[in-house]
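Q: Before I ask anything, let me first share the structure, which is written out below as structure tokens.
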Amino acid sequence: MKFVTEGVEQAVQAVYSSISSKLSDGKTVLWLVSGGSAVTSQVQIMQQLQATIPHTLANLTVLPVDERYGVKSHENSNTFQMQTAGFSPGAAHWPDILDGNLPLSETVSHYNTVASDALAAAEYVLATLGMGADGHTAGVLPGSPAITDTTSTVVGYSWSDYERMTLGVPALLQIDAAYVLAYGESKKSALERLYKNDEPVELLPAKILYDLPVVTVYNDYIESEG
């Protein structure tokens, strides 16, 4: 894992370069996207892909790394927030997990099928992730079923804020390269904890990122050699 104190512009360029090089080589790419502070950067990345290599985007699938359950296009949906911000996939495949307005259990099952198929088909899996002040990443919160369930591709559960759905640990461990965007004072403590890496994963779910082949953490505070 590498920590770098570069700005978001550099993070955007790194992700763009990674995706574009794989697509230009004819690879089938799965891009796992996040909500929250990552949305604007993801819009910029897709705009660059559309502007430079639109003919390759049919080989790109975009999938949320986590989603908040509800009716399609509800205001807290990560997918809806991406749409509102101007994310336009062009020829890329971008399934809306909430399409169909199914009950939670059926939506989780649908999400599981879509994610499993996308992971199986991808020759390269890349993720743009955030990290919460509590040390969570994706929808894997400390003490939640998503961190204790070590077998499910997708985990759905009720929490104090939302009914959440997220890729589970087995799915996240299939990521080839992760780019974590963790800027701001509110992330400082969590970044320091992640850098120290001396807590159990149940308390610091972002620790699972240490098990991925390539992880770059873009932030304001910590620089490392990798």
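Q: In Å², and per residue, what accessible area does the range 106-218 have when probed at 1.4 Å with the other protein chains present?
A: About 40 Å² of surface per residue is accessible.
Q: Now, a different point. Ignoring ligands, DNA and RNA, what percent of the 1.4 Å accessible area of the chain is carbon and sulfur?
A: 48
Q: Just one of (i) 1.15; (ii) 0.95; (iii) 1.02 is Cα Rg over 2.2 N^0.38 Å calculated from these coordinates, so which is it?
A: The listed entry that was calculated here is (ii).
Q: For the range 167-224, which GluC sites (Glu not before Pro) are in a loop by DSSP, counting at most 14 other Cβ atoms within 10 Å?
A: GLU202, GLU223
Q: What are the residues whose amide H is under 5 Å from the amide H of VAL154, where those residues sit 5 or more places off or on another chain and H is modelled from the backbone?
A: Placed amide hydrogens put GLY168 under 5 Å from VAL154.
Q: Could you tell me the calculated FRET efficiency between ASP99 and SER24, based on Cβ-Cβ distance and R0 = 35 angstrom, to the nearest 0.05?
A: Result of the calculation: an efficiency of 0.70.
Q: By how many nm would the segment from SER186 to ASN76 grow when fully extended, if each residue of separation counts as 0.36 nm and the alpha-carbon distance is taken off?
A: 37.5 nm
Q: When a/c reaches 1.5 or more, the comparison of a/b and b/c decides; with that in mind, is the range 142-226 rounded, prolate or oblate per its Cα gyration tensor?
A: Prolate is the answer for the range 142-226, as a/c is 1.5 or above and a/b outweighs b/c.
Q: Now a separate question. May I ask you to give the solvent-accessible area per residue for the range 1-77, in square angstrom, as obtained with a 1.4 angstrom probe?
A: 40
Q: Roughly what % antiparallel, to the nearest 5, for the DSSP beta bridges in the chain?
A: Looking only at bridges with both residues in the chain, the antiparallel portion is about 30 percent.
Q: Can you tell me the length gained on complete extension of the stretch ALA91 to GLU223, counting 0.36 nm per residue apart and subtracting the Cα distance?
A: Length difference between fully extended and current span is 43.8 nm.
Q: Next question, about the same structure. Let's test the formula: R0 of 22 Å, r as the Cβ-Cβ distance of LEU173 and THR148. What FRET efficiency results, to the nearest 0.05?
A: Efficiency computed from Cβ-Cβ geometry: 0.90.
Q: Within the range 71-175, which GluC sites (Glu not before Pro) sit in a loop by DSSP and count at most 14 neighbouring Cβ atoms inside 10 Å?
A: Listed in order of number, the matching sites are GLU75, GLU123.
Q: Given H placed on each backbone N at 1.01 Å, which residues far from LEU98 in sequence or on other chains put an amide H within less than 5 Å of it?
A: none
Q: Work out which trypsin sites (Lys or Arg not before Pro) in the chain are exposed loop sites (DSSP not H, G, I, E or B, at most 16 other Cβ within 10 Å) and give the longest gap free of them.
A: The longest uninterrupted stretch comes out as 73-226.
Q: With the cut-off at 21 Å, tell me which of the pairs LYS22/LYS187; LYS2/LYS196; LYS2/LYS187 have Cα atoms farther apart than that.
A: Flagged as over cut-off: LYS22/LYS187.
The values are calculated or read from the model by the stated rules, or taken from the named source; none is laboratory data. For clarity, every value in this text was computed on a predicted model and none was experimentally measured. Note that we place each Cβ from the backbone using ideal geometry, even for glycine, and neighbour counts take in every protein chain shown. All accessible areas refer to the heavy atoms of the entire protein, side chains included, with ligands and DNA or RNA removed. Shrake-Rupley method; radii C 1.70, N 1.55, O 1.52, S 1.80 Å.
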